[in-house]
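Right, one structure below, let's go through it.
The values are calculated or read from the model by the stated rules, or taken from the named source; none is laboratory data. This one's a predicted model, so the numbers in the text were calculated from it and none came from an experiment. No Cβ is skipped: glycine too gets one built from the backbone with ideal geometry, and neighbour counts run over all protein chains shown. For accessibility, only protein heavy atoms count, side chains too; no ligands or nucleic acids. Shrake-Rupley method; radii C 1.70, N 1.55, O 1.52, S 1.80 Å.
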Amino acid sequence: MHFASEQRLDDGVLEREFTLGEIPGILWTPDFASESAPVPLILLGHPPLGLRKMYPRLVARARHAAADGFATATIELPGSGDRPRWPAAEQARADLRRALQAGEPVSDEIIDALILPLVEKAVPEWQAALDALLSLPEICGPVGYSGGVISIGVRLAVVEPRIVAAGLFAGSFVPRAMFQEARQVTIPLHVLLQWDDEGNDRQAALDLFDAFGSKEKSLHANMGGHTGVPQFAADAAAQFFTRHLK
């Protein structure tokens with residue numbers, strides 16, 4: 001892991017951009033993290049729109065987490081931002097746009113092509129980032145995963161034992177194959193669902209929640225579209241991580 005830049009935000013949070021091989025990422029730590037005991041870590045997931053585009057929402061989440069005593073980190077997803085183009089992913093996104101613009105159902109084939117290769121590529125990269133992040137003296141376990149493409153969160157919850165709790169956003173398409181993986185998830189889950197999310201199959205989100213094998217899982221459904229998450233819902237997610245990571 002190579003730190004390329006750092007800046008202190010106005011609330012004292014230290015923001016450091018890093019690279020891990022060809023993968024860019026950002027790490028945020030509370031202002032006291034280097035002066036006291038190491039702090040738990042939350043991995044911030046996001047959609048494949050590029051870190052620069054997602055930065056305002058990511059840094060807002062990081063600031064809130066830092067106020068609760070957590071470090072947070074994120075990485076650029078494959079084929080996004082300044083990373084090399086991924087023609088297969090671009091084709092899948094184009095097929096999705098065409099189906100949505102035509103008012104047609106999004107087929108299982110489109111969803112599989114859009115999500116499954118992304119999960120296969122992204123999850124090992126998240127694990128490599130976690131290896132590097134946990135080697136830093138200011139960061140310790142346990143680790144949480146928050147938001148992003150829900151299928152990535154499902155796979156990480158199954159294969160990565162260092163992640164002990166996950167806050168998932170039911171706002172992305174889910175391949176049928178992921179339902180079987182969901183049954184293998186056993187960590188505590190906090191699932192957020194926007195009831196009127198125009199890009200989300202509500203019934204599929206409910207079915208996925210039902211499939212999760214966790215003994216502790218809660219579904220928080222709120223009225224409104226994809227970006228209309230109320231502040232109290234974010235506060236509830238923060239309380240979830242405080243319960244399980246501290």
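Give me the extension gain from ALA102 to GLN184: residue separation times 0.36 nm, minus the current Cα-Cα distance, reported in nm with one decimal.
In short, 25.9 nm is gained.
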Rounded Å value of the spacing that divides the Cα centres of the range 4-65 and the range 120-137: 14
Sequence ranges 136-147, 64-75, ranked by mean other-Cβ count within 10 angstrom, highest first: 64-75, 136-147
Stretch gain in nm, segment GLU22-VAL159, where the contour uses 0.36 nm per residue and the Cα spacing is subtracted: 47.0 nm
Cα centre as origin, Lys/Arg/Asp/Glu Cβ charges: the chain dipole, Debye: 160
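First measure r as the distance between the Cβ atoms of THR242 and ARG57, then evaluate 1/(1 + (r/R0)^6) with R0 = 30 Å and state the FRET efficiency to the nearest 0.05.
Efficiency, rounded to the nearest 0.05: 0.90.
Quick one: ranking ARG83, ARG8, ARG176 by accessible area, 1.4 Å probe, largest first, what do you get?
Solvent-accessible surface, decreasing: ARG176, ARG8, ARG83.
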Cα principal axis extents for the chain, largest first, Å: 55, 40, 31
Rounded to 10°, Cα long-axis angle of helix 202-211 versus longest principal axis of the chain: 60
Gained length - LEU9 relative to ARG176, 0.36 nm times residue gap less alpha-carbon distance: 55.9 nm
Residue-averaged 222 nm ellipticity for the chain, from DSSP H runs of 4+ at -39500 (n - 2.57), nearest 500: -13000 deg cm²/dmol
Label-point separation, LEU219 to ASP112 (7 Å along Cα→Cβ), nm: 2.6
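Taking 45 Å as R0, compute the FRET efficiency from the Cβ-Cβ separation of ARG93 and ALA37 and round it to 0.05. Walk me through the numbers before you get to the answer.
Details: r = 43 Å, r/R0 = 0.96.
The value I calculate is 0.55.
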